[in-house]
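Accompanying notes for the structure given below.
Please treat every number below as a calculation from the coordinates, not as lab data. Note that this is a predicted model, so its numbers are computed, not measured. For neighbour counting, all protein chains shown are included, and Cβ atoms are generated from backbone atoms with ideal geometry for every residue, glycine included.
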Amino acid sequence: MNHKASIEFANIHKSYQRTVVLENLNLTVAPGEHVVIIGPSGSGKSTILRLLMTLEKPDSGEILIEGESVWHTTRDGRNVDASPAHIRRMRGKVGMVFQHFNLFPHLRVLQNITEAPIRVMGMPRSQAVRRATDLLDRVGLADKAEAWPAELSGGQKQRVAIARALALQPRIMLFDEITSALDPEIAGQVLQLVLDLAKQTEMTMLFVTHQMRFARQIADRVLFFDRGRIIENGTPEQVLDHPQQPRTREFLNNVFQAS
Amino acid sequence: MMWNWSFAWHILPTILHGMVITIEATILGMLLALVLGLFWAGLLLLPNRWIFWSTHGITEFIRDTPLLIQLFFCYYVLPEIGITIPALLTGITVLGINYSAYTAEVYRAGLQNIPRGQWDAAKALNFTTWQTFTRIILPQAIPPIVPAMGNNLIAMFKDTPLLSTITVMEMLDRAMIIGDKTFRYLEPLTMVGILFLIISLMASALIGFTQRKILVRR
Ligand SMILES: Nc1ncnc2c1ncn2[C@@H]1O[C@H](COP(=O)(O)OP(=O)(O)OP(=O)(O)O)[C@@H](O)[C@H]1O
Ligand SMILES: [Mg+2]
């Protein structure tokens, strides 16, 4: 097994009741790599991110993060289910930003960011506040620390959600259509922020997006996904400009016509 | 029969004493109902079919049998198998358990209104399930259900006269004793009715005020 990989999916199967979503999926992502996943609706893109975030459990196969299995450990030479503590430790390596922000509406902006560092990492409040203030500054919302989420625009909410995920300093960040709920202009600003962040860190990043311009700018590699399978995998130029599969060409035509 | 003010004045302390017991039974009974109902609602959220159906069965059973029979059973039948509990404690416990079946439903509705994204975000931030429930989900679920809980509180308050059937000396019981001794029922029963009305109205106003306060803060 390649212990240099940041993320590894080995023979992952995942179904919901009768719907098979992922079938025998294999995928490796290198440390610091920025991978963009594109594909039609319902093809299983979110499922991949949700599996990595441990919001879903695979039916079979292994997910490895930095060479370590998320759901299993070996005891007496046998592969057994991992303890909740192990799963939590693995979960701590990953952070996620959601399409609908999912800010906690009963907490002010600053508390949205400090709550997890304080409760989960046991960070002293003063340090958590300092870090959160820095992060708010980085996402351009230094003056909104005491606002309620309901008082923010969509773009501002998503900036807070990004700061909130960064506060736990994950090794891997997942972005699931983070601008799909935003106006095009605001979406552009949020994506620019993510581009800037990506340059400043060594985090491994996975993006699901329909923004082809953004994909081109940020991706080291683009995966085209259809019905739970990777059917194209390469640099942005290879996949977006010279797709090999008819299915990819058809999809890209539709996307470009729509935008 | 004419209203006799001096008689009314004379029996007021006895009835007020009964009122203290009525209020005590309501507050303690409601506290039990709030805690136990949350416990049921929490069990109903667990992804275990066996736990779900047994919890569902228990709350359904509690709701589908009359409170009066539950009171009689606990006060008159349990002693036959060696469990003797004082009347007031029996009354409070039965009220609390009975109403927990209703508060559980209210909690459940409140919890179901919290979008799945809140659970997802909390998990992604690595909160434990307990932290997620107590710090993220419940604080959002509770404010909208304050009015429904308030209605349960008032309903329970109005059910407390049932405790007189198991010898708890609450307001109605005392009024009836006075009536039986003096053959005057007009004043004691009227006073009890008016006291129930006053306290219910005050409780409604308090609940409305709490609700407005919560709404303003959002
Ligand atoms: N909780 C669930 N229960 C049942 N089916 C689900 C669930 N979540 C996803 N699915 C199904 O799994 C399939 C893949 O869903 P997924 O959300 O991964 O797709 P996606 O590629 O992210 O689509 P989109 O672009 O619309 O977000 C879909 O057919 C979806 O209906
Ligand atoms: Mg999706």
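Data for the structure
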| item | result |
| --- | --- |
| Stokes-Einstein translational diffusion, segment B:17-171 - Kirkwood Rh over all Cα pairs, 0.890 mPa s, 25 °C, in µm²/s | 146 µm²/s |
| Exposed GluC sites (Glu not before Pro) absent - longest run of chain A, DSSP non-H/G/I/E/B, at most 14 other C-beta within 10 Å | A:1-145 |
| Volume of the Cα convex hull of segment A:138-203, divided per residue and given in Å³ | 89 Å³ |
| Cleavage-rule hits, trypsin sites (Lys or Arg not before Pro), segment A:157-259, DSSP coil, Cβ neighbours within 10 Å at most 16 | A:Arg227 |
| Space enclosed by the convex hull of the alpha-carbon atoms of the protein assembly as shown, per residue, Å³ | 212 Å³ |
| Among A:Val20, A:Val190, A:Val129, residue whose mean-square fluctuation peaks in a GNM of chain A (springs only between Cα atoms under 10 Å) | A:Val20 |
| Rounded tilt (10° steps) of B:138-159 against the dominant C-alpha axis of chain B | 20 degrees |
| Inter-centroid distance (Cα atoms) of segment A:194-216 relative to segment B:149-201, Å | 69 Å |
| Gain on full stretching of the segment that runs from A:Asp143 to A:His86 - 0.36 nm per residue minus C-alpha separation | 16.7 nm |
| Residue-wise HN-Hα coupling along segment B:26-32, computed from phi with Karplus coefficients 6.51, -1.76, 1.60 (Hz; x: Gly, Pro) | 5, 5, 5, x, 5, 4, 4 |
| HN-Hα J in Hz across segment B:44-50 - Karplus 6.51, -1.76, 1.60, θ = phi - 60°, x for Gly and Pro | 5, 7, 5, x, 10, 4, 4 |
| Computed E for A:Asn24/A:Lys57 - FRET, C-beta separation, R0 22 angstrom, nearest 0.05 | 0.85 |
| Estimated vicinal HN-Hα couplings, Hz - segment A:31-36 in sequence order (Karplus 6.51, -1.76, 1.60; Gly, Pro = x) | x, x, 6, 10, 10, 10 |
| Estimated [θ] at 222 nm from DSSP helical runs (n ≥ 4, -39500 (n - 2.57)) normalised by residues in chain A, nearest 500 | -10500 deg cm²/dmol |
| Where chymotrypsin sites (Phe, Trp or Tyr not before Pro) fall in DSSP loop in segment B:1-83, at most 13 other Cβ within 10 Å | B:Trp3 |
| Theoretical FRET efficiency, 1/(1+(r/R0)^6), r = Cβ-Cβ of B:His10 and B:Thr165, R0 30 Å, to 0.05 | 0.70 |
| Projected label distance in nm at A:Glu185 and B:Thr190, using a 7 Å step from Cα toward the beta-carbon | 7.2 nm |
| Amide proton proximity set for A:Glu232, modelled H, under 5 Å, gap of 5+ | A:Phe224 |
| Within segment B:48-70: backbone nitrogen closer than 16 Å to the B:Leu78 label point (7 Å, Cα to C-beta) | B:62, B:67-70 |
